[in-house]
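To keep things clear, I will list the structure first and then write my remarks on it.
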Amino acid sequence: MSKAVDRKIQDAQNLEPVANKYQGDLATAGISPEFLADYHARLETVIAKDVAQKEAMTKKNSATRLQNSVLKRCYAALKKVINIAKSAYVDDRERLKEFHIGGKSVKGVSAALAEMAYMKNAVNNHMDELGQWGANAALLTEIDTCIQELKDADNSQENAKNLQVVATNERDRAVAALEKAKFRIRKAAEIIFADNADVLKEFETTLA
């Protein structure tokens, strides 16, 4: 969509000097100096909204990368717990099941948060046994840190995503308003210069 908007902006910028050049003629079809001033304002608004949308997209992408990075750390912490449990309970099917060994893989923020909270309790409940295989307070702290950082990263990503949606909608509305103005100018030119192909060519869109 970004490239399409860039092309529409370029088309509008190409049309503006042509419309100004023939403003006197266009006025007879309703394209007044005030209309062209409004057209210029709409064009500037689209440019500003497009910049804001691209900045919002960049922030959202950055927030998503951070979220994915934290999620990766969470998966690593869960894997560490599972490996410890596998070593501690190699012949204990029920205990292995308690640590979700052999179950479905954890995917996504919500699932990871729920699984880490569960595993923290499971490790706490069996620390005496798991401690012999590497479980310790540092592991629990690591899980707590992952939980909090993932919550923070998820909130930031969600906020950035929402801001991007707002910025995109605002830009698209501004583009639609500009496109209507472009349409009116070109329709006026078709009426006024119906018998002048050379002038009409100057009003042609670059989007075709």
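Values quoted throughout were computed directly from the atomic coordinates according to the rules given, and no laboratory measurement underlies them. Note that this is a predicted model, so its numbers are computed, not measured. Here Cβ is always computed from backbone atoms with ideal geometry, including for glycine, and neighbour counts include all displayed protein chains.
What the table below lists for this structure:
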{"item": "Global size of the range 1-49 as Cα Rg and Dmax, reported in angstrom", "result": "11.9, 36"}
{"item": "Equivalent ellipsoid semi-axes, the chain, via Cα gyration tensor eigenvalues times 5, rooted, Å", "result": "65, 14, 10"}
{"item": "Rg over Rh, two decimals, the range 17-137 (C-alpha only, Kirkwood Rh)", "result": "1.56"}
{"item": "Too-long pairs where the Cα-Cα distance tops 32 Å, listed order kept, from 72/97; 54/180; 161/201; 3/151", "result": "161/201; 3/151"}
{"item": "Signed unit charges on C-beta, dipole axis of the range 10-105, positive-most listed residue 90, 46, 36", "result": "90"}
{"item": "Residue-averaged 222 nm ellipticity for the chain, from DSSP H runs of 4+ at -39500 (n - 2.57), nearest 500", "result": "-28000 deg cm²/dmol"}
{"item": "Percent of Cα-Cα distances greater than 20 Å, calculated over the range 1-83", "result": "58"}
